[in-house]
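These notes concern the structure reproduced below.
The values are calculated or read from the model by the stated rules, or taken from the named source; none is laboratory data. Nothing here was measured: the structure is a model prediction, and the numbers come from that model. Glycine also receives a Cβ, built like all others from the backbone with ideal geometry; neighbour counts cover every protein chain displayed. When the accessible area is computed, the model is the full protein with side chains, heavy atoms only, and any ligands, DNA or RNA have been set aside. Shrake-Rupley method; radii C 1.70, N 1.55, O 1.52, S 1.80 Å.
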Amino acid sequence: MRCINISQLNKSIKNDAMAFIKNANEDYMAKVENVAKCISETVSQKPIILLSGPSGSGKTTTAYRLSDSLAKLGVNSHIISMDNYFIPNRNIDEKNVPRDEEGNIDLESPYRVDIKLFQEQMKLLSEGKTADVPVFDFVTQDYSSYTPVTRAENEVIIVEGIHALNPEVTGDLHEVANCVYVSVRTRLKTSTGDLLHPSQVRLMRRLIRDRLFRGRSYDEIFAMYTSVQRGENLYIMPHKHRADFDIDTFIDYEASVYKSVIYDELLEAEKTKYTDLRSMTLKYLKELEPIPTVFVPKNSLIKEFIG
């Protein structure tokens, strides 16, 4: 587990913020390019890439960066989000999608995915045949259309989703797939020696993304934290050992950017019942030297969260 002292991070920012940002982006891309190189050598045997990681891990951006890196090596790709295989609300009942402890539909469950349809279509694509991939509309909670996808020779299908490494969902697909696990692995250390857990970095990412793009309040996002963590522990973490490749998606300057986005708002926000989570977030952000969002390059992974 990599660890960075916040004092050293602040020193690097004050010394030359732009060089620090550039180097951090290049470090992340080097990891992706290394995985792409290995995968490019097994395309004929493994035409599928299964890319998994917990919420806020940067799966979507990493899938596209992996696709770009493969293209430079002469390997084309199609990216498919497993979210498109969610069962439409009209087809959900207690028989096919379980409930959580509070009696609500367990949206973190792998059975939220239409497993039969997913496996059928992945088999077709692995064999170079055409599959009419559904497009899931989160507003209507239904399929809005279907997109025909055909994998040509020397092409790969990149499937990204939280359940992409779960054999209950993928079946025997791993036999023709390279498996990639992405998440935040780096920890930040404060002046008092406290460590910021990777899950809390991902919480910061969600606080910004869900606030800006999903219309959720900070309290609503904090309220989801327990459910999200429960889903990760039950459905994601037990399968990360199946990965052939691991990518740490922590970007060294990201928390400093998050300070410039949410610190003042969280500080001034009305009293919340999620005091511990709010205080924890503020404690780590307080020590950081802020970086304005205008300094963040367009191709940075954290643009997935800050827009």
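Scanning region 70-85 for residues that are over 16 Å from Arg151 (Cβ atoms), in a helix (DSSP H, G or I) and touching a residue at least 40 places away in the same chain (Cβ under 8 Å) yields Met82, Asp83, Asn84, Tyr85.
Is it the case that region 287-305 has a residue that's among the hydrophobic types (A, V, I, L, M, F, W, C), under 25 Å from Arg112 (Cα atoms) and out of contact with any Phe, Trp or Tyr (no Cβ under 6 Å at 6 or more places or on another chain)?
Yes, there is a match, as at least one residue in region 287-305 is among the hydrophobic types (A, V, I, L, M, F, W, C), under 25 Å from Arg112 (Cα atoms) and out of contact with any Phe, Trp or Tyr (no Cβ under 6 Å at 6 or more places or on another chain).
Given the condition within 20 Å of Leu196 (Cβ to Cβ), in contact (Cβ under 8 Å) with a residue 60 or more places away in the chain and buried (at least 19 other Cβ atoms within 10 Å of the Cβ), answer yes or no: does some residue in region 258-268 qualify? No.
Name the residues in region 57-79 that are among the aliphatic types (A, V, I, L, M) and open to solvent by less than 10 Å² (accessible area, probe 1.4 Å), would you? It would help to see each step written out before you state the result.
As a first pass, look at region 57-79 and keep what is among the aliphatic types (A, V, I, L, M): 63, 66, 70-71, 73, 75, 79.
Scanning region 57-79 gives Ala63, Leu66, Leu70, Val75.
In region 230-242, the qualifying residues are those that are out of contact with any strand residue (DSSP E or B) (no Cβ under 8 Å at 6 or more places or on another chain) and buried (at least 16 other Cβ atoms within 10 Å of the Cβ), and the one that is farthest from Arg112 (Cα to Cα) is Glu232.
Among the residues of region 30-42 satisfying the criterion of being touching a residue at least 12 places away in the same chain (Cβ under 8 Å) and open to solvent by 10 Å² or more (accessible area, probe 1.4 Å), which is nearest to Met224 (Cα to Cα)?
The qualifying residue nearest to Met224 (Cα to Cα) is Lys31.
For beta carbons closer than 7 Å, sequence separation of 6+ or different chains, a first residue in region 186-211 that is of a type in the set (Val, Ile, Thr) and a second that is in a loop (DSSP other than H, G, I, E, B) and open to solvent by 10 Å² or more (accessible area, probe 1.4 Å), the qualifying pairs are Thr186/Arg2. Just one of the listed residues (Lys273, Lys286, Lys298) is basic (Lys, Arg) and in a helix (DSSP H, G or I), namely Lys286. Listed conditions (1) more than 30 Å from Gly171 (Cβ to Cβ); (2) modelled with pLDDT of 95 or more are all met by Met280, apart from (2). In summary, Pro54 fulfils each of the numbered conditions (1) open to solvent by less than 40 Å² (accessible area, probe 1.4 Å); (2) farther than 20 Å from His163 by Cα; (3) part of a loop (DSSP other than H, G, I, E, B) with the single exception of condition (2). Scanning region 136-167 for residues that are open to solvent by 20 Å² or more (accessible area, probe 1.4 Å) and over 20 Å from Ser67 (Cα atoms) yields a count of 11.
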